[in-house]
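**Student:** Here's a structure for you.
The values are calculated or read from the model by the stated rules, or taken from the named source; none is laboratory data. Quick caveat, the model's predicted, so the values are computed rather than measured. Every residue, glycine as well, gets a Cβ built from its backbone with ideal geometry; the counts of neighbours run over all protein chains shown. For the accessible areas, the whole protein counts, side chains as well, though only heavy atoms, and no ligand, DNA or RNA atoms are used. Shrake-Rupley method; radii C 1.70, N 1.55, O 1.52, S 1.80 Å.
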Amino acid sequence: MENTQKSMSKIVELCKGRGFIFPGSDIYGGLANTWDYGPLGSRLKNNVKDTWRKRFIQERKNSYEVDADILMHPRVWEASGHVASFSDPLLDCRECKTRHRADSLIEAFDPEAHPDSMSKQEMFEFIKAHHIPCPKCGKHDFTEIREFNLMFQTYRGVTNDSKSVIYLRPENAQGEYVNFLNVQRTMRAKLPFSIGQIGKAFRNEITPGNFTFRTIEFEQMEFQTFCKEGTDGELYDYFKAYGKKYFEDLGIPAEHLRYHDHEKLAHYAKAACDIEFLFPFGWGEINGTHNRTDFDLTRHQEYSGTNMSYLDPETNERYIPYIIESTYGLDRTVLALLCEAYDEEVIDAEKNDVRTVLHLSPAVAPYKCAVLPLSKKLSAEAMEVYSSFAGEFMTDYDETGSIGKRYRREDEIGTPWCVTVDFDYATDKKVTVRDRDTMEQQRLSVEEAVKFIKDRIGF
Ligand code: GAP
């Protein structure tokens, strides 16, 4: 069976059609760069969160999860440097009045160019020298490049005065940093220890998003390890490798992942490296490892007036810890898994019979199995079987259409096993378990089938 080409449009179509991801505010014609997760997308997303919690919080000693508020004291974002320097270089097309990111225009024109190592002026010169056209109208008449802050801001209370400005957090990390002392004290934590968090972040992105790859509201799974200066280099290398292994465990083959070391660093970082995944539209960042040094805690000490140092109980030394950050875009991870899993298999070329299948790992698949009675006359028996499975894990139930069509529907949403109830069930109490990937079938008792699936969900 050969594979045909996968494309973003086919994946987007499947996601919309099968309840994974819908356009945000759909009945109003959508809102650019926003997407809503449907019943299956939410399951998939929550399953990914569960795998992250297992790897990062449960299986790691000295790792603690927090759930900090999205709205934080505005001084947090002055201390973090986001008010001053969290911006994109934007220019406007004078002809059609659309706004563009200068670095994106350059990257789209020449994938070998490195706009992240260019100054604003150098980017402007590059665009001019190469006569890069406006992607909307094709003309070449741009304004100067200006920096636009990416943070969404709103006002607290009833007046729109500048004193009451409040930001939607652009990263989770600061929620972990401002709780460093609280967690250290209450958990009696000793360095190195880590604080992780899953939550929403917001950025006023203007570039078209490639589906959920770049959105204005997204979820991050962030993990901050507080350590002593001098141990930071080793931890940085460790988390780069840990991240890659996590993605491989989720079912992404090593050849579809690569590291990308940053040349131009964010205002807080001493070293930074992304893990990129090979999407149908090219390589894209899904994770970042950052050596943030003592920048964040030093700044919070300065701006809050609170002593953020750690007293080493062994050496009696006091110092501000370094931070190694390992951050995962949840939506990008979900998108990478969907892209990796999507497959079209030619079953019978002459009959033009192609099956679409998501080879999702059972740990993240929305449904672990589907119970399918061979005939509607078997509904009562099938519901009995369904209850045995649904008590253990997410189980689908489908009794409409031919069995072949129902298998295909489950293949398309990545259900790893279909459990068919036939007329022999009444006598032998056995069901047929069909494997999504091999399409092989075996006959098992209900108890055996439940155990068979449970043992293979894994992670
Ligand atoms: N705390 C560090 C931080 O926020 P980042 O590289 O700006 O670092 C971390 O973001 C991760 O968040 C990225 O690797 C990416 O997966 C995800 N991410 C960033 N911007 C995003 C956006 N506009 N839409 C979806 N995901 C995004």
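**Student:** Quick one: which of 51, 4 is at pLDDT below 95 and more than 30 Å from residue 132 (Cα to Cα)?
**Tutor:** Going through 51, 4 in turn, just one is at pLDDT below 95 and more than 30 Å from residue 132 (Cα to Cα): 4.
**Student:** Something else about it: Any chance the stretch 301-313 includes a residue that's within 30 Å of residue 76 (Cβ to Cβ), of a type in the set (Phe, Trp, Tyr), at pLDDT 95 or above and in a strand (DSSP E or B)?
**Tutor:** yes
**Student:** If the requirement is being within 9 Å of the ligand (Cβ to nearest atom) and open to solvent by 50 Å² or more (accessible area, probe 1.4 Å), which of these qualifies: 217, 205?
**Tutor:** 217
**Student:** Do any strands (runs of 3 or more DSSP E) lying entirely in the stretch 1-113 carry at least 1 residues that are of a type in the set (Phe, Trp, Tyr), in the same structural domain as residue 172 (by TED's automatic domain parsing) and in contact with a strand residue (DSSP E or B) (Cβ under 6 Å, 6 or more places away or on another chain), and which ones are they?
**Tutor:** Counting at least 1 such residues, we get 21-23, 35-37, 63-65.
**Student:** Out of (1) part of a helix (DSSP H, G or I); (2) open to solvent by 60 Å² or more (accessible area, probe 1.4 Å); (3) at pLDDT below 90, the odd one out for residue 157 is which?
**Tutor:** Residue 157 satisfies all of (1) part of a helix (DSSP H, G or I); (2) open to solvent by 60 Å² or more (accessible area, probe 1.4 Å); (3) at pLDDT below 90 except (1).
**Student:** Right, residue 56: within 22 Å of the chain's Cα centre (by Cα) and either more than 29 Å from residue 242 (Cβ to Cβ) or of a type in the set (Lys, Arg) (or both) or not?
**Tutor:** no
**Student:** Kindly indicate the residue of the stretch 281-299 that is assigned to a helix (DSSP H, G or I) and buried (at least 18 other Cβ atoms within 10 Å of the Cβ) and also nearest to the ligand (Cβ to nearest atom) among those meeting that condition.
**Tutor:** Out of the qualifying residues, it is 296.
**Student:** Then there's this: With a cut-off of at least 2 residues that are touching an Asp or Glu at 6+ places or on another chain (Cβ under 6 Å), name the helices (runs of 4 or more DSSP H) lying wholly within the stretch 172-280.
**Tutor:** Passing ranges, in order: 173-177.
**Student:** Scan the stretch 108-130 for residues that are out of contact with any Asp or Glu (no Cβ under 9 Å at 6 or more places or on another chain) and closer than 17 Å to residue 261 by Cα and jot them down.
**Tutor:** Answer for the stretch 108-130, where residues must be out of contact with any Asp or Glu (no Cβ under 9 Å at 6 or more places or on another chain) and closer than 17 Å to residue 261 by Cα: 111, 112.
**Student:** Name the one entry in 273, 227 that is open to solvent by less than 10 Å² (accessible area, probe 1.4 Å), more than 16 Å from the ligand (Cβ to nearest atom) and not charged (D, E, K, R).
**Tutor:** 227
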